[in-house]
Amino acid sequence: MSRIGKKPIPIPEGVTASLDVDGQRITAKGPLGELSFSVKDQVFLKLHDRYVHVNPVNNSKRARSFWGLSRTMILNIFIGVKDGYEKNLEISGVGYRCAIHGKNLKLSIGFSHEVIYKPPQGITLRCPKPTEIVVLGHDKQVVGQVAAEIREYRVPEPYKGKGIKYVNEILFRKEGKKK
């Protein structure tokens, strides 16, 4: 039995959820937008009294693995359309900084040119300080993907720690050469 999958998913206040005719696709609408998720054939959904119930079709290993996954994905879309998600990045290095120009992010990270990043639709970028980047959006997967793409421009190096890193990321520093 899936401990995660058997819990019913409460629909938050301000969010409306609807199932399609065959019960395989759920759509959530909230203050931040609309998201939908299609479950696999091994799982079916029921909507009952402001709760969504996820149940496996049979007791096979494949159905049980999609059971907990489907519940978590549905919970993520409910949280996304109500509150949204954010990822915080930190830039460290002498002369490294960022700025917002229109909707684009301009990064000065040690290259001979400035890097311009154009965010996808539904993503908002902010720079509260010249060394901090905040990625905001309602889709958890897209927010994480955008943060990873920005970090990829200058991954933190292990000797001095220069680069773009997540705020809560722990870097393992290496010792330099010894004489």
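The values are calculated or read from the model by the stated rules, or taken from the named source; none is laboratory data. Just so we're clear, the structure is a prediction, and the values are computed from it rather than from any experiment. Cβ atoms come from the backbone with ideal geometry, glycine included; neighbour counts cover every protein chain shown.
Listed values, structure above:
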read-out	value
Some residue of the range 16-29 being surrounded by 15 or more Cβ atoms within 10 Å (Cβ to Cβ), in contact with a Lys or Arg (Cβ under 6 Å, 6 or more places away or on another chain) and modelled with pLDDT of 90 or more	no
Of all residues making up the range 124-142, the number that are closer than 16 Å to residue 106 by Cβ and touching a residue at least 12 places away in the same chain (Cβ under 8 Å)	10
Some residue of the range 75-82 being among the small types (Gly, Ala, Ser), out of contact with any helix residue (DSSP H, G or I) (no Cβ under 9 Å at 6 or more places or on another chain), under 19 Å from residue 138 (Cα atoms) and in contact (Cβ under 8 Å) with a residue 24 or more places away in the chain	no
Given (1) crowded, with 16+ Cβ neighbours inside 10 Å; (2) in the same structural domain as residue 43 (by TED's automatic domain parsing), index of the condition residue 62 fails	(1)
In the range 114-145, residue farthest from the chain's Cα centre (by Cα) [restricted to those that are within 17 Å of residue 155 (Cα to Cα) and assigned to a loop (DSSP other than H, G, I, E, B)]	114
Counted residues, the range 89-105 - those being closer than 20 Å to residue 143 by Cβ and surrounded by 15 or more Cβ atoms within 10 Å (Cβ to Cβ)	5
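Each row is one residue, and each column tells you yes or no for (1) farther than 17 Å from residue 135 by Cβ; (2) of a type in the set (D, E, K, R); (3) outside the structural domain of residue 148 (by TED's automatic domain parsing).
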site	(1), (2), (3)
16	yes, no, yes
28	yes, no, yes
75	yes, no, yes
95	yes, no, no
102	no, no, no
108	yes, no, no
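Here is a yes/no grid of residues against (1) surrounded by 17 or more Cβ atoms within 10 Å (Cβ to Cβ); (2) under 25 Å from residue 77 (Cβ atoms); (3) in contact with a strand residue (DSSP E or B) (Cβ under 9 Å, 6 or more places away or on another chain):
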residue	(1), (2), (3)
109	yes, no, yes
132	no, no, yes
136	yes, yes, yes
170	no, no, no
